Amino acid sequence: MTLLNVLLAAEAGTHAAAHGSEPWPIVGVFGVDGPHLLAQIVNFSILAIVLWYFAVKPALGTLEERTAIIEKGLADAADAKKRLAEAEKAAEARLNKAADEAAATLAQARAAAKQVVEAAKAEAVAATAEVVRRGQEAIEADRRRMQVEVRAEVARLVVETTAKVLDQTLDDAAKARVNEAAAKSLAR
């Protein structure tokens, strides 16, 4: 046997002799007093109940509230991320649509500008053709007028020359015959 066991056995014997016979001999070995133990159990139970209702229960309630708030915050953050992603997709779609519309508008503007340029070219060609036609008509009118003037001048000169050659003055009927003959010969 060890020394510790011997000492414990000796102490138990002296303690048992001092306290007499107890219903639970182990209680006597450890020096537990029944009424004090009962008072400590009652005090501990009251303390445990008071702590449960005034400290632990409110702390657990606060912890549950904070947990609910955190969970709600996490759910809101996840929802916000989802809405942000959707908004970014919608904004990108709108930007792509605007770019497509801008490209289409630019293509339409280029086509319209090309049509305007082509119309202006056609109008300029038509105006040039009109100016050339009017110029040709004016030249032709001038040529006819000059031919008429030249014929009249030639006829007058023929009449004057004929009058000088013949040394006589021609009457109007003779002048008309000479003019017609000169005009026919010039027309050929």
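All of the numbers you see were taken from the coordinates with simple rules; none came from a lab. Bear in mind that the values here come from a model prediction, so they are computed numbers and not experimental data. Neighbour counts run over all protein chains shown; Cβ positions are idealised from the backbone, glycine included.
Here are a few things to note about the model shown:
- Residue in the range 39-61 that is under 52 Å from the mean Cα position of the chain (by Cα) and of a type outside the set (A, V, I, L, M, F, W, C) present: yes
Conditions tested, residue by residue: (1) farther than 30 Å from residue 184 by Cα; (2) among the small types (Gly, Ala, Ser); (3) surrounded by 10 or more Cβ atoms within 10 Å (Cβ to Cβ).
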position	(1), (2), (3)
62	yes, no, yes
68	yes, yes, yes
117	yes, no, yes
132	yes, no, yes
146	no, no, yes
149	no, no, yes
154	no, no, yes
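- Check on residue 123, over 47 Å from the mean Cα position of the chain (by Cα), among the acidic types (Asp, Glu) and more than 30 Å from residue 180 (Cα to Cα): no
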